[in-house]
1. Determine the equivalent ellipsoid of the stretch 4-125 by diagonalising the alpha-carbon gyration tensor, then write out the semi-axes as square roots of 5 times the eigenvalues, largest first, rounded to whole Å.
2. Between C5 and T44, with labels modelled 7 Å along Cα→Cβ, what's the label distance in nm to one decimal, could you check?
3. Could you give the length gained on full extension between D34 and S51, defined as 0.36 nm per residue of separation minus the Cα-Cα distance, in nm?
4. Of the peptides 97-110, 52-65, how do they stack up when ordered by the mean number of other Cβ atoms within 10 Å, highest first?
5. Points 7 angstrom from Cα along the Cβ direction at R59 and D112: gap in nanometres?
6. With charges set only on the Cβ (+1 for Lys and Arg, -1 for Asp and Glu), what does the dipole of the stretch 1-49 come to about its Cα centre, in debye to the nearest 20?
Amino acid sequence: MPVPCEIAVKSLIPAIRAYIAKELIQTYKMKQTDVAYVLGITQTAVSKYVSNVRGQAVRLDRAKEIQGMMNETASKIADKKVSGPQLTLEICSMCRAARRTRLMCHLCERVDPTLKNTLCNICRME
């Protein structure tokens, strides 16, 4: 069975990147190539995030705490106040917060049906 971090890498992190990419492009009018550079991904990936082709496995628009964190990070990126290792730490913090709020449980249960959504507390133990 994949551990929650493996599922987060495939589903949650792309959702976080998608949200931030859209925020940078729509609110801060950044170009896709600039967003790609700062997020450490390709322009093609940014394009897929913006067009909702990628990064849609987890609905982050329902999680106000995580939305606030993503908006704050996007603002810092736009103001050139965060990049590199600090950006990595911020994304890790968002991932931990999202996992604590059980946003990924349905994905883990899909991968391993023996995990009962109401019984699993693995992500809440961090």
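1. On the way: eigenvalues 140, 44, 27 Å².
The answer is 26, 15, 12 Å, longest axis first.
2. 2.8
3. Working: separation 17, 0.36 × 17 = 6.12 nm, distance 1.69 nm.
The span from D34 to S51 would gain 4.4 nm if fully extended.
4. On the way: 97-110: 17.9, 52-65: 14.6.
Packing proxy ranking, top to bottom: 97-110, 52-65.
5. That separation, rounded to one decimal, is 2.6 nm.
6. Working: 6 positive and 3 negative charges, 30 e Å.
Magnitude of the dipole: close to 140 debye.
All of the numbers you see were taken from the coordinates with simple rules; none came from a lab. Everything quoted here is computed from the prediction, not taken from an experiment. Neighbour counts are summed over all protein chains in view; Cβ atoms, including those assigned to glycine, are modelled from backbone coordinates with ideal geometry.
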